[in-house]
Amino acid sequence: MCGIVGYVGDRQALDVVLEGLARLEYRGYDSAGIALVTGDPRATGLTTEKRAGKLAVLAGVLAEQAPPPSTTGIGHTRWATHGAPNDRNAHPHLDCTGRIAVIHNGIIENFSGLRAELQERGHVLVSETDTEVVAHLLEEVLVADGTGTWVDLAESVRRVARRLKGAFTLVVVDADQPDVVVGARRSSPLVVGRGDGENFLASDVTAFIAHTRRAIELGQDQVVELRRDRVQITSFDGSAAVVTEYEVDWDVAAAEKAGYEHFMLKEIAEQPRAVADTLIGRIDARGGLVLDEMRLSDADLREVDKILIVACGTAYHAGLIAKYAIEHWTRIPCEVEIASEFRYRDPILDRQTLVIAISQSGETMDTLMAVRHAREQHAQVLAICNTNGSTIPRESDAVLYTHAGPEIGVAATKTFLTQVVAVYLVALYLAQVRGTKYADEVREVIAELAVLPEKVEKVLETMEPVRELARSLVDARTVLFLGRHVGYPVALEGALKLKELAYMHAEGFPAGELKHGPIALIEEGMPVVVTVPSPRGRGVLHDKMISNIAEVRARGARTIVLAEEGDESVVDLADVLVRVPPTPTLLAPVVTTVPLQVLAYELAVARGFDVDQPRNLAKSVTVE
Ligand code: AGP
């Protein structure tokens with residue numbers, strides 16, 4: 001939520017900052033702003049510009065009225081929390097003198113008390129944001145310290161950060177201390193990019209990947225002082241921090257559209273590769289599983305007596321699928337919980353509980369809070385994550401990275417499929433370690449996992465009927481999605497995609513539940529999308545689903561049926577039939593989700609909506 005960029009070097013900071021913001025716009029896009037240390041006396045040495053709307057609005061203004069040259073700057077793209085998305089509430093926020101500029105991601109929970117204090121002391125606050133208090137608190141340290149002692153920007157940020165409650169990434173410049181940008185981080189992401197004679201700060205590496213792949217993730221409660229030739233990281237208390245630099249293993253091409261009309265379309269197309277990459281290195285020569293990087297000992301895994309999965313949105317749906325695989329393969333009881341609900345119900349956890357936190361960004365605040373709660377209760381936490389070095393894996397006992405590459409489209413697609421693959425790997429590994437599956441049984445499933453990329457490829461090659469179907473659904477008011485067993489989370493995911501991208505009312509139901517109420521919704525011509533379980537799997541599941549299709553059809557529904565090639569029992573019940581390659585029951589979501597992603601994408605495009613940046617959303621939800 002909110003994208004942040006900072007730069008000090010020899011280039012024009014405006015160019016670097018705008019380019020970085022363009023790459024981070026997926027994090028929030030209701031307003032944008034920049035601050036440049038320009039030494040321009042007309043503007044207290046600081047030039048700022050901010051505008052409601054997408055980054056293009058700000059860029060247009062800056063193109064018409066170019067700011068003075070500057071090699072030190074910061075920029076922000078916002079997802080509003082406190083205060084409407086208008087020009088006034090856009091970041092940066094300034095102090096009373098106009099010399100200090102602050103941008104922020106997160107929520108400062110004690111801002112109203114601080115605001116009242118500041119107003120009492122004569123400060124004039126002009127926005128409705130929580131952020132603005134930081135600029136004025138810095139002013140009190142830097143401008144009106146009273147002691148007469150000069151305080152540097154990093155020290156002033158440390159002092160102010162210690163007074164703040166909540167989650168925040170702050171990035172600050174001071175016109176009187178040019179050539180330095182200072183950032184602070186608590187429970188919200190901030191990464192340093194190390195260049196030669198230049199350094200970068202950003203919410204994530206995509207902002208500076210075109211310039212450098214050398215990165216340092218800031219730790220919890222740390223402050224960074226960024227200069228052209230030096231990066232100094234300390235804790236909020238001023239003590240030196242231990243810093244680990246790493247090399248990002250993908251390049252700028254991965255964060256670009258590569259000729260596709262939308263990032264989402266590119267990311268859907270990348271799924272076979274993403275699934276294959278997530279399997280690479282995890283299968284040994286004898287077909288067994290190796291998850292050395294997971295950092296949980298086999299002894300610990302043998303002790304686990306309960307698994308709890310926490311996640312949000314699409315990642316939660318991956319968790320629901322995991323439950324079926326985990327319980328079936330390992331016989332360990334498994335619960336799945338929406339992360340934002342988890343800690344409030346006082347879950348029963350102990351050292352034998354394995355909590356699996358699934359998050360593509362690794363920064364989702366609801367999931368992070370669930371992780372912290374689980375660790376406080378002495379549970380062991382395994383993160384499944386797509387973002388190297390992000391907060392959730394760092395705060396977990398162990399991590400299994402998915403290798404989907406950067407996902408820019410706000411709707412999760414390739415990261416979902418790789419999360420599902422990762423949970424299969426965890427479940428199988430547990431089964432292998434605990435002996436609930438024989439080695440040859442594990443190998444059989446692994447062999448099936450290995451052919452999933454081909455199957456996804458095949459689905460992608462046969463999507464024309466889905467595109468046609470989407471065109472026919474442009475005016476539908478409601479679309480229902482039905483599934484059974486692992487098809488139920490797939491139905492939920494299909495409905496979520498349609499809501500967030502095409503802004504259509506959509507619901508996912510377990511097909512058997514329909515007759516307990518929701519079937520009353522069915523009216524003549526209502527589209528109902530049904531994922532049919534494999535007839536080669538548990539036959540009873542398949543047959544029950546056939547009856548459920550007949551039930552909705554009898555009430556006038558237009559049935560859109562996703563079924564395995566060769567399943568002839570569905571032909572007479574389907575108004576539209578979409579075929580998927582035969583896949584074992586538990587692994588089927590990896591193929592059956594793909595047509596639903598394509599359907600949502602096509603419908604959103606047909607309805608004229610912004611697919612990559614749907615309204616009201618942001619890619620990483622870093623507030624609770
Ligand atoms: C899905 O399309 C959404 N963008 C959203 O539900 C997302 O999956 C959720 O916010 C969780 O994000 P995470 O995986 O980064 O934790």
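Taking (1) crowded, with 23+ Cβ neighbours inside 10 Å; (2) within 16 Å of the ligand (Cβ to nearest atom); (3) not aliphatic (A, V, I, L, M) in turn, residue 432 satisfies each apart from (2). Residue-level analysis places residue 486 outside the set of residues that are within 16 Å of the ligand (Cβ to nearest atom) and under 24 Å from residue 540 (Cβ atoms). When restricted to residues that are open to solvent by 10 Å² or more (accessible area, probe 1.4 Å) and not aliphatic (A, V, I, L, M), the stretch 3-17 contains 4.
Restricting 540, 561 to residues that are outside any helix (DSSP H, G or I), more than 23 Å from residue 270 (Cα to Cα) and either open to solvent by 20 Å² or more (accessible area, probe 1.4 Å) or touching a residue at least 24 places away in the same chain (Cβ under 8 Å) (or both) narrows the list to 561.
Scan the stretch 581-593 and tell me whether some residue there is in a helix (DSSP H, G or I), within 16 Å of the ligand (Cβ to nearest atom) and not assigned by TED's automatic domain parsing to the domain that holds residue 272. Taking every residue of the stretch 581-593 in turn, at least one turns out to be in a helix (DSSP H, G or I), within 16 Å of the ligand (Cβ to nearest atom) and not assigned by TED's automatic domain parsing to the domain that holds residue 272. Of all the listed residues (527, 465), the sole one being closer than 30 Å to residue 610 by Cβ and at pLDDT below 95 is 465.
Kindly establish whether residue 281 is open to solvent by 50 Å² or more (accessible area, probe 1.4 Å) and away from the ligand (no atom under 16 Å from the Cβ). Answer is yes for this residue. Put simply, of 508, 512 the only residue that is assigned by TED's automatic domain parsing to the domain that holds residue 599, modelled with pLDDT under 95 and either of a type in the set (Gly, Ala, Ser) or open to solvent by 30 Å² or more (accessible area, probe 1.4 Å) (or both) is 512. In the list 451, 459, which residue meets the criterion of being without any contact (Cβ under 8 Å) to a residue 60 or more places away in the chain, out of contact with any Leu (no Cβ under 9 Å at 6 or more places or on another chain) and within 24 Å of residue 534 (Cβ to Cβ)? Among 451, 459, only 451 is without any contact (Cβ under 8 Å) to a residue 60 or more places away in the chain, out of contact with any Leu (no Cβ under 9 Å at 6 or more places or on another chain) and within 24 Å of residue 534 (Cβ to Cβ). Taken together, 209, 216 contain a single residue that is part of a loop (DSSP other than H, G, I, E, B) and of a type in the set (A, V, I, L, M), which is 209.
Total residues in the stretch 129-154 satisfying the condition of being modelled with pLDDT of 95 or more and open to solvent by 50 Å² or more (accessible area, probe 1.4 Å): the figure is 0. Can you say whether residue 90 is in contact with a Pro (Cβ under 7 Å, 6 or more places away or on another chain), in contact (Cβ under 8 Å) with a residue 12 or more places away in the chain and not basic (Lys, Arg), as far as the supplied structure shows? Answer is no for this residue. If I ask for residues that are among the small types (Gly, Ala, Ser) and within 12 Å of the ligand (Cβ to nearest atom), which ones from the stretch 605-624 would you list? Of everything in the stretch 605-624, those that are among the small types (Gly, Ala, Ser) and within 12 Å of the ligand (Cβ to nearest atom) turn out to be 618, 620.
Within the stretch 232-256, the set of residues being at pLDDT 90 or above and not in a loop (DSSP other than H, G, I, E, B) comprises 232, 233, 234, 235, 240, 245, 246, 247. Here residue 475 meets each of (1) part of a helix (DSSP H, G or I); (2) open to solvent by 70 Å² or more (accessible area, probe 1.4 Å) with one exception, condition (1). When you look at residue 77, is it among the polar types (S, T, N, Q) and within 19 Å of residue 206 (Cα to Cα), yes or no? Spelling it out, residue 77 is indeed among the polar types (S, T, N, Q) and within 19 Å of residue 206 (Cα to Cα).
Checking 99, 163 one by one, the residue that is open to solvent by 30 Å² or more (accessible area, probe 1.4 Å), among the charged types (D, E, K, R) and touching a helix residue (DSSP H, G or I) at 6+ places or on another chain (Cβ under 7 Å) is 163 and no other.
Within the stretch 310-342, can you find the residues that are within 16 Å of the ligand (Cβ to nearest atom) and over 17 Å from the mean Cα position of the chain (by Cα)?
Result: 320, 321, 322, 336, 337, 341, 342.
Entry remark, the stretch 39-69: residues being at negative phi and at pLDDT below 90 number 4 in total. Residue 217 - would you say it is at pLDDT below 95, open to solvent by 70 Å² or more (accessible area, probe 1.4 Å) and not basic (Lys, Arg)? Considered against the rule, which asks whether it is at pLDDT below 95, open to solvent by 70 Å² or more (accessible area, probe 1.4 Å) and not basic (Lys, Arg), residue 217 comes out as no.
What about residue 392, is it more than 16 Å from the ligand (Cβ to nearest atom) and in contact with a Gly (Cβ under 6 Å, 6 or more places away or on another chain)? For residue 392, the condition - more than 16 Å from the ligand (Cβ to nearest atom) and in contact with a Gly (Cβ under 6 Å, 6 or more places away or on another chain) - is not met. A count restricted to the stretch 287-341 and to residues that are without any contact (Cβ under 8 Å) to a residue 40 or more places away in the chain and over 17 Å from residue 412 (Cβ atoms) stands at 11. Looking only at residues of the stretch 70-86 that are part of a loop (DSSP other than H, G, I, E, B) and at pLDDT 95 or above, we find that the one that is most open to solvent (accessible area, probe 1.4 Å) is 71.
The values are calculated or read from the model by the stated rules, or taken from the named source; none is laboratory data. Owing to the predicted nature of the structure, the values given are computational and were not obtained by experimental measurement. No Cβ is skipped: glycine too gets one built from the backbone with ideal geometry, and neighbour counts run over all protein chains shown. Protein only, heavy atoms only, side chains kept; ligands, DNA and RNA dropped before computing areas. Shrake-Rupley method; radii C 1.70, N 1.55, O 1.52, S 1.80 Å.
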